[in-house]
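Worksheet for the structure shown next.
The values are calculated or read from the model by the stated rules, or taken from the named source; none is laboratory data. A quick note: this is a predicted structure, and the numbers were derived from the prediction, not measured. Methodologically, a virtual Cβ is constructed for each residue, glycine included, from the backbone with ideal geometry; neighbour enumeration extends over all protein chains shown. What goes into the accessible areas is simple: the full protein's heavy atoms, side chains included, and nothing from ligands, DNA or RNA. Shrake-Rupley method; radii C 1.70, N 1.55, O 1.52, S 1.80 Å.
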2 protein chains.
Amino acid sequence: MKTVDLTSGLQDDLRACAHEMADAARAAILPLFRSGLASDNKDAGGFDPVTEADRAAERAMRGVLARLRPQDAILGEEYGTSDGSTGLEWVLDPIDGTRGFISGTPTWGVLISVRDAGGPLYGVIDQPYIGERFEGGFGCSVLNGPLGERPLGVSAVTALDQATILTTFPEVGSQAEQEAFHRVAQSCKLTRYGMDCYGYALLAAGQVDLVIEAGLSAYDIQAPIAVIEAAGGMLTNWQGGLAYEGGTALAAATPELHAAAMALLNG
Amino acid sequence: MKTVDLTSGLQDDLRACAHEMADAARAAILPLFRSGLASDNKDAGGFDPVTEADRAAERAMRGVLARLRPQDAILGEEYGTSDGSTGLEWVLDPIDGTRGFISGTPTWGVLISVRDAGGPLYGVIDQPYIGERFEGGFGCSVLNGPLGERPLGVSAVTALDQATILTTFPEVGSQAEQEAFHRVAQSCKLTRYGMDCYGYALLAAGQVDLVIEAGLSAYDIQAPIAVIEAAGGMLTNWQGGLAYEGGTALAAATPELHAAAMALLNG
């Protein structure tokens, strides 16, 4: 990768491509959602199901890229890396929240982002069943969903005791990570669980104030980074560093909240 | 209340009335969802917000009843009881999952049910933002949502180690109730949190196999009972008794799963 000169024409092309990919993923996934399809298990020790929907959606998105952006690189959860020559890389997680998906919850999502050497430039968090698409980057920060189009924007909450915090599983990650999370959660007004990637979208929409996760991969987090940063929020790892490559994630509506949460995570 | 002779004409009228109430509640609530409205707090010690949407939706539903079923009794979360003379009582929770609502999650719901002296006869779990309506009773067990109309029906899972279990908060209720829940959860394949009343709907749709909650009120549970029983499942309290009046709830897809969970809850 390199740093890419992003003309407005190129930005428009990339956005249009991302929407076409998200549409293609929706069409691939929805016939399989709540279809009773058996999931297989790629981690014999844990519980990390992959559905046929996951693979079908990534193939559909790669098909769009092959047609519209054949020279860009790709990193996908299901089919790995494909080299490119433009300096741009698409990062794809066809179904983030597969355990939510197999439980029928509407909290999983399709994650699409594009980055250059400087990091994520633009991202989409799409929830096909609700028909909700959160996007951020290239000067845009918007939600299209059941109530039409609305601007995204994080909350102004700065104090932990006024904050709503989300994570997906109360176990979070390792035992130490779990304890660190709960140090923060105990200082917050309200703790909610179970939202998968939808939690990041809710933060970008100003509905919740903190999202803390651990054990992430690069394809899990790049679209949330782009969407949250475009909405005015912050997303780093638990040490305040770049979260692009996965690991831990601390997303906050404001710098004050980010600093207060980080102090407790590392306290 | 008394036991009511439910002619098919009366059943049709009651269903039509429930749908009109659910439509009215949607119209009252959706303009306020994610509107940034401040919530007030009816329990100074805990966190039990009531929004204006809650009250507006119950007023809207009571307006429909005043027009279509003025002689039926009403029990509503926000405006209490109204006497009737038909032997039928409507039980209304305009927004079940207010903490989910103020967090922007799509897991809260409008709960509508009608009962006679024998218990809940028919219920609706409506999720206005997704546009999803689960109903059960009077010979009907159906979901209308983004993918059209589909029959509801519970899963055939009989073993805990094959089951997905839901509850909203990992704390569940009291310390003893929390420990009892986690005895069951540790025996299950997958535990998910945060779904509010949507969890019962997912059980009726065959997506999850157990829902266990505590600290419920009568208006929280009567619609789920009707929807789950119509879909072929069971919903009792943790002792296997009637759950109509609130308290604890154990919803299961099959009798075998219900018995296995109940043994651990009381073990």
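Shape verdict for the range B:84-145, please, from the Cα gyration tensor: rounded (a/c under 1.5), prolate (a/b greater than b/c) or oblate.
Working: a/c = 3.53, a/b = 1.65, b/c = 2.14.
Verdict is oblate for the range B:84-145.
How far is B:Gly148 from itself in the other copies, in nm, if each label sits 7 Å out from Cα along the Cα-Cβ line, shortest first?
So the label point of B:Gly148 gives 3.0 nm to the other copies.
Scan around B:Ser155 for amide H atoms under 5 Å from its own, H built in the peptide plane at 1.01 Å from N, and keep only partners 5 or more places away or cross-chain.
Under 5 Å from the amide H of B:Ser155 lie the amide H atoms of B:Gly206, each far enough along the sequence or on another chain.
How large is ³J(HN,Hα), in whole Hz, for each residue of the range B:196-207 in order, when computed from phi with the Karplus curve 6.51 cos²θ - 1.76 cosθ + 1.60 and θ = phi - 60°, using x for Gly and Pro?
Those phi angles translate into 6, 5, 4, x, 5, 5, 5, 5, 5, 8, x, 8 Hz.
For A:Gly80, place a label point 7 Å out from Cα along the Cα→Cβ vector, do the same in each other copy, and report the separations in nm, one decimal, smallest first.
Output for A:Gly80: 6.9 nm, nearest copy listed first.
Could you work out [θ]222 nm for chain A from helices alone, using -39500 (n - 2.57) per DSSP H run of at least four and dividing by all its residues? Round to the nearest 500 deg cm²/dmol.
On the way: 7 runs with 86 residues, N = 267.
Result for chain A, helices only: -10000 deg cm²/dmol.
Does the range B:160-265 come out rounded, prolate or oblate, given a ≥ b ≥ c as the square roots of the eigenvalues of its C-alpha gyration tensor, rounded meaning a/c under 1.5 and, failing that, prolate meaning a/b above b/c?
On the way: a/c = 1.33, a/b = 1.09, b/c = 1.23.
In terms of gyration-tensor shape, rounded.
Please state the shape class of the range A:170-231: rounded when a/c is under 1.5, otherwise prolate if a/b exceeds b/c and oblate if not, all from the C-alpha gyration tensor. Walk me through the numbers on the way to the answer.
Values: a/c = 2.28, a/b = 1.29, b/c = 1.77.
Since a/c reaches 1.5 but b/c is at least a/b, the shape of the range A:170-231 is classed as oblate.
Find the accessible area per residue for the range A:113-221; the probe is 1.4 Å, ligands and nucleic acids are left out, and the unit is Å².
Details: 3160 Å² over 109 residues.
For the range A:113-221, the per-residue accessible area is 29 Å².
Quick check: net charge around B:Asn144, other residues with Cβ under 10 Å of its Cβ, Lys/Arg +1 and Asp/Glu -1? Could you put the intermediate results ahead of the total?
Details: positive: B:Arg133, B:Arg150; negative: B:Asp126, B:Glu132, B:Glu135, B:Glu149.
Overall, the nearby charge balance is -2.
Do any residues of the range B:102-120 lose at least 40 Å² of accessible area when the full set of protein chains is present rather than just their chain alone, and if so which, with a 1.4 Å probe?
With the partner chains in place, the range B:102-120 has these residues losing at least 40 Å²: B:Ser103, B:Thr105, B:Pro106.
Any idea what the B:Leu242 label distances to the other copies are, label 7 Å down the Cα→Cβ vector, nm, shortest first?
Distances between equivalent label points, in nm: 6.4.
Can you pull the percent of chain B's accessible area that's carbon plus sulfur, 1.4 Å probe, other chains left in place? Intermediate values should be presented prior to the final figure.
Working: 4560 of 9270 Å².
Ligands and nucleic acids excluded, carbon and sulfur reach 49 percent.
What are the ³J(HN,Hα) couplings of the range B:153-158, residue after residue, when phi is run through the Karplus curve with 6.51, -1.76, 1.60 and θ = phi - 60°? Round to Hz, x for glycine and proline.
x, 6, 6, 9, 5, 10
Simple spin-label model, 7 Å along Cα-to-Cβ: A:Asp5 to A:Leu147 in nm?
Here the answer is 4.3 nm between the modelled labels.
Report the accessible surface area buried between chains B and A, summing both sides, using a 1.4 Å probe on protein heavy atoms only, in Å² rounded to the nearest 100. Intermediate results must be reported in sequence, preceding the final value.
Details: alone 10800 and 10810 Å², together 18530 Å².
Roughly 3100 Å² of accessible surface disappears when B and A pair.
Step through the residues of the range A:104-121 one at a time and calculate ³J(HN,Hα) from phi using the Karplus curve (6.51 cos²θ - 1.76 cosθ + 1.60, θ = phi - 60°), rounding each to whole Hz and writing x for Gly and Pro.
So the Karplus estimates, Gly and Pro as x, are x, 6, x, 10, 6, x, 9, 10, 10, 8, 9, 9, 10, 4, x, x, x, 9 Hz.
What net charge is computed for the residues neighbouring A:Gly247, neighbours being all others with C-beta under 11 Å from the C-beta of A:Gly247, Lys and Arg scored +1, Asp and Glu -1? The partial results should precede the final answer.
Values: positive: none; negative: A:Glu177, A:Glu213, A:Asp220, A:Glu245.
The answer is -4.
Within chain A, what's the longest stretch lacking trypsin sites (Lys or Arg not before Pro) that sit in DSSP loops with no more than 16 other Cβ atoms inside 10 Å?
Formally, the longest exposed-site-free interval is A:43-188.
For the protein assembly as shown, build the charge dipole from Cβ charges (+1 Lys, Arg; -1 Asp, Glu) around the Cα centre, then report which of A:Gln162, A:Ala185, A:Gln71 sits farthest towards its positive end.
Positive-end residue among those listed: A:Gln71.
Non-local amide H neighbours of B:Thr191 (under 5 Å, H modeled in plane, Pro and chain starts lacking H): which ones?
Amide H to amide H, under 5 Å and 5 or more residues apart or across chains, B:Thr191 pairs with B:Ile165.
Could you pull out every residue, at least 5 positions away or on a different chain, whose amide H is within less than 5 Å of the one on A:Gly247? Hs are placed 1.01 Å off N in the peptide plane, and Pro or chain starts have none.
Residues meeting the criterion, in which the H sits 1.01 Å from N, are A:Gly215, A:Leu216, A:Ser217.
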